[in-house]
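The block underneath contains the structure these notes are about, expressed in structure tokens.
Read the figures in this text as sums done on the coordinates, not as results from a lab. Worth saying up front: this structure is predicted, and the values here are computed from it rather than measured. All Cβ positions, even for glycine, are placed from backbone atoms using ideal geometry, and neighbour counts span all protein chains on display.
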């Protein structure tokens, strides 16, 4: 039997990138998937490529009324919600050419990033719990980022919003457990996954090729990850295989958060008293 046989899932930001890859993987594993996005035509076209088990609903994750309408649409069509993937997110670079560092970023730019990345997750979790409560079980998957684990000096709003997603995930997980609900909530922290979100920072031409090599080299595995690799992890978290997993964080970053990939060279830093490297 398929791993997500007849489960109903809603995936936000599903017109492209990681969201579309997750929607496709869910369909392949037997789920009934509702794709959602603010890019309506692109979202409808994406759903059409996935066949009769996929459909589309427009959803601006920043607007609670949109969430109410989208959830009502899912329940009206399928009578239940089993999985929510809060994937919609922005860096802010595409819409704001100004600085994103802590000193010069505008309040408008800061709030715009948080409205999508954090408010959207808050609304999604809130309405998913309500939709899942009648059946007392489900899986909520929140997309955070490596940037939510470490500081990013020139993407302060993005890093802040993704860090908040990590912690809200834990609050949701604990709340549902206290309520006696088998509604699990986990987060995924991707990094260096080549998606359309990267286009604003990669540039074009020779600059793009140089940036691709430079960013890939920042991962110990020395490559970009793929959207399919993130989707495979989402399938696990959506499935009953992860039934005892909640409030957890899953990093998929080619080893970037593991630490320094090479030991310090002798003489590069002073050894603590009484210790020597290589001895």
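Can you tell me the 0 to 90 degree angle between the C-alpha axis of helix 156-178 and the longest principal axis of the chain, rounded to 10?
50
How many angstrom separate the Cα center of the range 81-134 from the Cα center of the range 191-234?
22
With runs of 4+ DSSP H residues as the only contributors, calculate the mean residue ellipticity of the chain at 222 nm using -39,500 (n - 2.57) per run, divided by the residue total and rounded to the nearest 500.
-12500 deg cm²/dmol
Let's test the formula: R0 of 22 Å, r as the Cβ-Cβ distance of residue 208 and residue 94. What FRET efficiency results, to the nearest 0.05? Please report the intermediate quantities before stating the final value.
Values: r = 16 Å, r/R0 = 0.72.
Efficiency for this residue pair is about 0.90.
Could you work out how far helix 17-28 tilts from the main Cα principal axis of the chain, as a 0 to 90 degree angle to the nearest 10?
Helix 17-28 sits at roughly 50 degrees to that axis.
Using label points projected 7 Å from each Cα along Cα→Cβ, tell me how many nm separate residue 77 and residue 167, to one decimal.
The modelled label-to-label distance comes out at 3.6 nm.
Label point 7 Å out from residue 126 along Cα-to-Cβ: which residues of the range 63-91 have amide N under 19 Å?
Under cut-off, by backbone N: 63-75, 84-89.
Quick one: helix 120-132 against the long Cα principal axis of the chain, what's the angle to the nearest 10°, folded into 0 to 90?
40
Taking the Kirkwood radius as the inverse of the mean 1/r across Cα pairs, report the Rg/Rh of the chain.
In the chain, Rg relative to Rh is 1.01.
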